[in-house]
Amino acid sequence: MVPQNRLDSEQRAVLDKLLIGKGSEWIRGFAGSGKSVILMHSLRETLIKKPGASVCVVTFTHALKDMLATGLPANARHLPVMTYHEFRSEHKNGFFDFIFVDEVQDLEPDVLVLLESKCTRLIMAGDEKQSIYEGRVSPNDIERQTAPTKHNLTIVHRLSEKLRKLVESILPSASLSTARQGNTNAEVKISLAKATNKQSEYRWIWNHAQKYAQVGDPVCILLPKHRLVQDFIDFVCAEEGISRPDYKDERGRQSYEACNEHLMENGLILRYLGNSHGSLEESDQESIVYVMTYHSSKGLDFETVMLPGMDSGLSIFRRNSENLERTLFYVASTRSRRNLFISYTGDNPHPFVAAMPKKLIHNIAISDQNVSSSGSDSDDDCY
């Protein structure tokens, strides 16, 4: 969490306005502009200025819920932090002085109506250009239902200039070219790795993920679908000589609880993060490699992000849904703060990758000679 004394003047002005506002508020901005940061600072200041207020925090994914919960000050760990599914089932009869909502653009319309009716002040953050689900609230829905005061963040901090130019080719409608560049700490290195077979590609990804993972700075591997997440986990288990995990609970429903336990018991640093499984706090104590879906990564960011499997025939979401596929890949590509690795198998990458500006990308040729199961691989062989 960026400390308050490091907020830029625009962020500081938005925070000040939130603290003196009376009704609903909507913090808008580009990816990397600090929407969630301002939301959390507004929450912290509210708790200080109004210690007796009833407050809850609502977000979309379990992973983001985990991140927001760990960002609360020690004296606020008792506050309810929940997904909107949990709010709908557990708090529909309650009432709060303040409800803070992150990723508001991913809410279903009836949930927004419910939240607005259950509080005196609704403080929202979100970017409609990053909506990754069908049938969710539109900007008009938000304005009509909540009549918010809108606060626009126009300075991008997390995304470096190179990464901004890269993702503009993925989702031009995000209008990143109109954003102002902030004081980004470092330029993101973008690498595109080409493999001749899927085994070599996954081995290269796994070796690099282990190399870059550090205590406090986990690596995140993102794949668009659960089937691909499980294929990757199965490969790692086979590579490390252990049995594949189970992805079902005792009732036959998809679950990663047993999977994460299996990985931990066998000494692997790989964990699934999302859907209430895995914890970001674990990476504060040891080196961890997280594997997630694109959807679950929303609102999070990592030093090193890896996007394997970007083959020419990949279906990111489903056929005939190019806008959602572009938005999902845009979300995945903007999670990195320092290193972004994209990889594929075959002659050509996915069309979204093929359209990226070539001059921004460091190309790597993966072969059986420059990657081995021992982890002593090289990324110096370029094409």
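The values are calculated or read from the model by the stated rules, or taken from the named source; none is laboratory data. Only a predicted model underlies this, so the values are computations on that prediction, with no experimental measurement involved. When we count neighbours, we look across all protein chains shown, and the Cβ atoms used for this are built from the backbone with ideal geometry, even at glycine. The protein model used for the area step is the full one, side chains on, heavy atoms only, and it has no ligands, DNA or RNA in it. Shrake-Rupley method; radii C 1.70, N 1.55, O 1.52, S 1.80 Å.
What the table below lists for this structure:
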| item | result |
| --- | --- |
| Residue tally, condition closer than 18 Å to Arg335 by Cβ and out of contact with any Phe, Trp or Tyr (no Cβ under 8 Å at 6 or more places or on another chain), over region 134-158 | 2 |
| Members of region 139-164 found to be under 21 Å from the mean Cα position of the chain (by Cα) and among the small types (Gly, Ala, Ser), listed by number | Ser160 |
| Residues of region 252-280 satisfying the condition of being basic (Lys, Arg) and assigned to a strand (DSSP E or B) | Arg271 |
| Check on Asn140, surrounded by fewer than 22 Cβ atoms within 10 Å (Cβ to Cβ), polar (S, T, N, Q) and not in a loop (DSSP other than H, G, I, E, B) | yes |
| All positions within region 215-240 that are open to solvent by less than 30 Å² (accessible area, probe 1.4 Å) and among the aliphatic types (A, V, I, L, M) | Val219, Ile221, Leu222, Leu223, Leu228, Val229, Ile233, Val236 |
| Filter pass, Glu187 being in a loop (DSSP other than H, G, I, E, B), farther than 30 Å from Val57 by Cα and charged (D, E, K, R) | yes |
| Subset of region 220-251 (residues that are in contact with a His (Cβ under 9 Å, 6 or more places away or on another chain), assigned to a loop (DSSP other than H, G, I, E, B) and not β-branched (Val, Ile, Thr)) | Pro224, Ser243, Arg244, Pro245, Asp246, Tyr247 |
| Only listed residue being open to solvent by less than 50 Å² (accessible area, probe 1.4 Å) and among the polar types (S, T, N, Q), chosen from Ser243, Ser276, Ser255 | Ser255 |
| Only one of Thr178, Thr154, Thr149 that is of a type in the set (Val, Ile, Thr), open to solvent by 60 Å² or more (accessible area, probe 1.4 Å) and at pLDDT 95 or above | Thr149 |
| Test: residue in region 265-272 that is without any contact (Cβ under 8 Å) to a residue 12 or more places away in the chain and out of contact with any helix residue (DSSP H, G or I) (no Cβ under 9 Å at 6 or more places or on another chain) | yes |
| Options Glu108, Glu134; residue that is under 30 Å from Pro172 (Cα atoms) and free of Cβ contacts under 8 Å to residues at least 40 places away in the same chain | Glu108 |
| Members of region 194-213 that are open to solvent by less than 40 Å² (accessible area, probe 1.4 Å) and either in a loop (DSSP other than H, G, I, E, B) or in contact with a helix residue (DSSP H, G or I) (Cβ under 6 Å, 6 or more places away or on another chain) (or both) | Ala195, Tyr202, Trp206, Ala213 |
| Residue count for region 92-107, restricted to those that are within 22 Å of the chain's Cα centre (by Cα) and of a type in the set (Phe, Trp, Tyr) | 1 |
| Whichever residue in region 283-309 is touching a helix residue (DSSP H, G or I) at 6+ places or on another chain (Cβ under 9 Å) and open to solvent by 20 Å² or more (accessible area, probe 1.4 Å) and, among such residues, is farthest from Glu103 (Cα to Cα) | Ser287 |
| Any chance Leu112 is surrounded by 19 or more Cβ atoms within 10 Å (Cβ to Cβ), more than 20 Å from the chain's Cα centre (by Cα) and not in a strand (DSSP E or B) | yes |
| Yes/no for Ile123 being within 16 Å of Val14 (Cα to Cα), of a type in the set (A, V, I, L, M) and either surrounded by fewer than 23 Cβ atoms within 10 Å (Cβ to Cβ) or modelled with pLDDT under 95 (or both) | no |
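Conditions (1) closer than 23 Å to Phe329 by Cβ; (2) modelled with pLDDT of 95 or more; (3) in contact with a Pro (Cβ under 8 Å, 6 or more places away or on another chain), marked per residue:
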{"site": "Tyr202", "(1), (2), (3)": "yes, yes, yes"}
{"site": "Ile205", "(1), (2), (3)": "yes, yes, yes"}
{"site": "Gln210", "(1), (2), (3)": "no, yes, no"}
{"site": "Asp217", "(1), (2), (3)": "no, yes, no"}
{"site": "Ser276", "(1), (2), (3)": "no, no, no"}
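Here's the yes/no breakdown for (1) touching a residue at least 40 places away in the same chain (Cβ under 8 Å); (2) within 23 Å of the chain's Cα centre (by Cα):
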| position | (1), (2) |
| --- | --- |
| Pro3 | no, yes |
| Arg6 | no, yes |
| Val14 | yes, no |
| Leu18 | yes, no |
| Glu45 | no, no |
| Ile48 | no, no |
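Listed here are the residues, each with its yes/no results for (1) in a loop (DSSP other than H, G, I, E, B); (2) open to solvent by 10 Å² or more (accessible area, probe 1.4 Å).
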residue: Ile27; (1), (2): no, no
residue: Ser33; (1), (2): yes, no
residue: Arg44; (1), (2): no, yes
residue: Gly52; (1), (2): yes, yes
residue: Val58; (1), (2): no, no
residue: Asp66; (1), (2): no, yes
residue: Ala69; (1), (2): no, yes
residue: His78; (1), (2): yes, yes
residue: Arg88; (1), (2): no, yes
